[in-house]
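Q: First the structure, then my questions, so here it is.
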Amino acid sequence: QVQVVESGGGLVQAGGSLRLSCVASGSTRTIKSLGWYREAPGKQRELVAVLSTSGDTTYGDSVKGRFTISGDNAKNTVFLQMNSLKPEDTAVYYCMGRVRLGTEYWGRGTQVTVSS
């Protein structure tokens, strides 16, 4: 079992920045990737960014060039630096830990609100 806990959400004006953090615990040696998804009201959960243990990154099209995912393997932590935020980035951001395809563990989410 893996547990992930997010932090760092909040309210920011358009054009501003926020940094989210996610700490994994439990069977962390089984983790193959850590990442972020988001869910806006009335929309499906979508990929934001994922970082594999081999260092590969994957970004959702809507955040490429604005968001950066990074990690600290020693601390089982992944970060999401969000720059040039837009009102459409408003969502609940969920941390995800994947041990294999189809087996993911989710955090409770952290709210990010971007005002125009």
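Q: Residues of the chain: accessible area per residue at 1.4 Å, in Å²? Walk me through the intermediate numbers first.
A: Details: 6350 Å² over 116 residues.
Per-residue value: 55 Å².
Q: Looking only at 98, 45, 29, which one moves most when the chain is put into a Gaussian network model with springs between Cα atoms under 10 Å?
A: 29
Q: Name the residue from 7, 18, 71 whose Cα lies farthest towards the positive end of the charge dipole of the chain, charges +1 on Cβ of Lys and Arg and -1 on Cβ of Asp and Glu.
A: Going by the Cα projections, it comes out as 71.
Q: If you don't mind, another one. Using amide H atoms built 1.01 Å from N in the peptide plane, name the residues 5+ places from residue 2, or on other chains, whose amide H lies under 5 Å from its own.
A: For residue 2, the qualifying residues are 27.
Q: Also: Taking the Cα centre of each part, how many Å lie between the range 46-69 and the range 80-106?
A: 9
Q: How long are the three semi-axes of the equivalent ellipsoid for the chain, computed from the Cα gyration tensor as the root of 5 times each eigenvalue, in whole Å, largest first?
A: Ellipsoid semi-axes (Å, largest first): 23, 14, 13.
Q: Under the Karplus relation 6.51 cos²θ - 1.76 cosθ + 1.60, θ = phi - 60°, what is the ordered set of whole-Hz ³J(HN,Hα) values for the range 77-83, x standing for Gly and Pro?
A: Couplings: 10, 10, 10, 10, 8, 10, 10 Hz.
Q: Just the Kirkwood number for the range 14-77, please: inverse of mean 1/r across all distinct Cα pairs, in Å, one decimal. Provide the component values of the computation, followed by the final result.
A: Details: mean 1/r = 0.0765 Å⁻¹.
So the Kirkwood estimate lands at 13.1 Å.
Q: Also: How much of the accessible area of the range 1-112, probe 1.4 Å, is carbon plus sulfur, in whole percent? All intermediate terms of the calculation are to be shown ahead of the outcome.
A: Numbers: 2860 of 6120 Å².
That share works out to 47 percent.
Q: For the range 19-26, what does the Karplus curve 6.51 cos²θ - 1.76 cosθ + 1.60, with θ = phi - 60°, yield as ³J(HN,Hα) per residue in whole Hz, taken in order and with x for Gly and Pro?
A: 3J(HN,Hα) across the range 19-26, in whole Hz: 10, 9, 10, 9, 10, 9, 9, x.
Q: Apply the Karplus parameterisation 6.51 cos²θ - 1.76 cosθ + 1.60, with θ equal to phi minus 60°, to every residue of the range 94-106 and state each ³J(HN,Hα) to the nearest whole Hz, in sequence, with x for glycine and proline.
A: Calculated HN-Hα couplings, in order: 10, 7, 10, x, 10, 9, 6, 4, x, 10, 10, 10, 10 Hz.
Q: Shifting gears a bit: Given H placed 1.01 Å from N in the peptide plane, which residues other than close sequence neighbours of residue 86 have an amide H under 5 Å from its amide H?
A: Answer set, sorted by chain and number: 15.
The values are calculated or read from the model by the stated rules, or taken from the named source; none is laboratory data. Since this is a predicted model, take the numbers as computed values, not measurements. Quick reminder, even Gly has a Cβ in these numbers, built from the backbone with ideal geometry, and neighbours come from all protein chains shown. The protein model used for the area step is the full one, side chains on, heavy atoms only, and it has no ligands, DNA or RNA in it. Shrake-Rupley method; radii C 1.70, N 1.55, O 1.52, S 1.80 Å.
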